[in-house]
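Here's the structure we're looking at; comments come further down.
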Amino acid sequence: MNSLAQVYDREFRIRGLREQGWGRGLLAAAALIWLWVAYLLVFPFTIDRGVDRKPVECESLAFHQDGDVEVSYLDDEGKLCDAERDVGPILAALLLSLPLATVGAGLYAAGTSAVRTAAYATEITRLDATKEI
């Protein structure tokens, strides 16, 4: 392989590894958002109402019902708990994570494909060179 081809091969691999890195980073950011959303939905929380008043214990948004009767979170826990964990920002965070995950998966797949293609081309070149000997 001549020097120019080696430089191009190295740059091709570096670009593929860089795409993999960006893909991993974006997927990690999406995963962190998903973990935060899961935390907000699954775990109970406490609202501190100041020094003079006692804190309010609130059930989680996902597991607030004890019986078979379906009741809204507002009816079950009250206005204070419902206002503290509004569903709108949670859904906005979830929607924000979808493009991150999609682009991250695409970049990771493209980078992996580029690295594997470069490895394949190098191996074919090496096998062709050993066949001529």
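Residues to consider are Ile124, Ile90; find the one that is surrounded by 13 or more Cβ atoms within 10 Å (Cβ to Cβ) and either modelled with pLDDT under 95 or under 30 Å from Ala5 (Cβ atoms) (or both).
The conditions single out Ile90.
Within the stretch 1-58, restricting attention to residues that are of a type in the set (Asp, Glu) and exposed (fewer than 11 other Cβ atoms within 10 Å of the Cβ), the residue that is modelled with the highest pLDDT is Asp48. Of a type in the set (Ser, Thr, Tyr), surrounded by fewer than 14 Cβ atoms within 10 Å (Cβ to Cβ) and within 30 Å of Ala62 (Cβ to Cβ): does that describe Thr102? Considered against the rule, which asks whether it is of a type in the set (Ser, Thr, Tyr), surrounded by fewer than 14 Cβ atoms within 10 Å (Cβ to Cβ) and within 30 Å of Ala62 (Cβ to Cβ), Thr102 comes out as yes.
The values are calculated or read from the model by the stated rules, or taken from the named source; none is laboratory data. Predicted, not measured: the structure shown is a model, and the values here were computed from it. Cβ: placed from backbone, ideal geometry, glycine included. Neighbour counts: every protein chain shown.
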